[in-house]
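Working notes, structure below.
The values are calculated or read from the model by the stated rules, or taken from the named source; none is laboratory data. It should be emphasised that the depicted structure is a prediction, and the values quoted were computed from it without experimental measurement. Virtual Cβ from ideal backbone geometry, glycine too; neighbours counted across all protein chains shown.
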Amino acid sequence: MRVYLETDRLVLRYLTADDADNLIELDSDPEVMRYLSGGEPTSPQRIREVVLPYMLEYYEQGDAFGYWAVIEKSTGEFLGWFHFREHPSEGGPAGAPEREGIEVGYRLLKKAWGKGYGTEGTRALIEKGFRELGVRRVYAETMAVNTASRRVMEKSGLSYVRTFKQDWPEQIEGSEQGEVEYAVTREEWLKKS
């Protein structure tokens, strides 16, 4: 197992081709996908042929940024993934705003919700970015109505920046309220640390 970082309760390891079934399970839960696709699962074929290869491509660019599987230390179970990456400049929705910095995000199985894993992993990635990787700003985005993710962002040290609209191909319930961006700069983070 190739490890990217560890926290008290989590291991973030590099994804492999063997993670296809883990990702299929994750993306098949309507509650996990609620704010991403309106609850529609990602097809197993799309995960194997598009999603997982896209995630693995990040490793070809180096070891600093990309996607990592989240493993619970006490059980060895797959819980989901985190990303810490430059936002792709192409392929985003029409009307996507300019982004500055490194994006942090995650997707966790429902059984991992409410345990502080999102906050724990996000904080560890922010710290690694500022202390080891020379990152100047970290940001995260979610739908404005996704209050649980917004709380994780706040607990992780990110502050509200703005609300914005994007033109998505399919509307999701609540998308009319827009997306929100939260962020922290290295200087802000150092003052709080």
Looking only at helices (runs of 4 or more DSSP H) that fall completely inside region 115-193, which ones have 1 or more residues that are among the polar types (S, T, N, Q)? 117-132, 147-155
Answer residue from region 10-38, given it is among the acidic types (Asp, Glu) and within 18 Å of Trp113 (Cα to Cα) and is surrounded by the most Cβ atoms within 10 Å (Cβ to Cβ) among those: Asp27
Just give me the residues in region 98-119 being at pLDDT below 75 and loosely packed, with under 14 Cβ neighbours inside 10 Å, in sequence order. Glu98
Residues in region 97-112: is at least one part of a strand (DSSP E or B), more than 22 Å from Met55 (Cβ to Cβ) and hydroxyl-bearing (Ser, Thr, Tyr)? no
Going through region 147-193 in order, the residues found to be more than 27 Å from Glu40 (Cα to Cα) and acidic (Asp, Glu) are Glu154, Glu187, Glu188
Among the residues of region 39-76, write down those that are part of a loop (DSSP other than H, G, I, E, B) and surrounded by 15 or more Cβ atoms within 10 Å (Cβ to Cβ). Pro41, Thr42, Ala64, Phe65
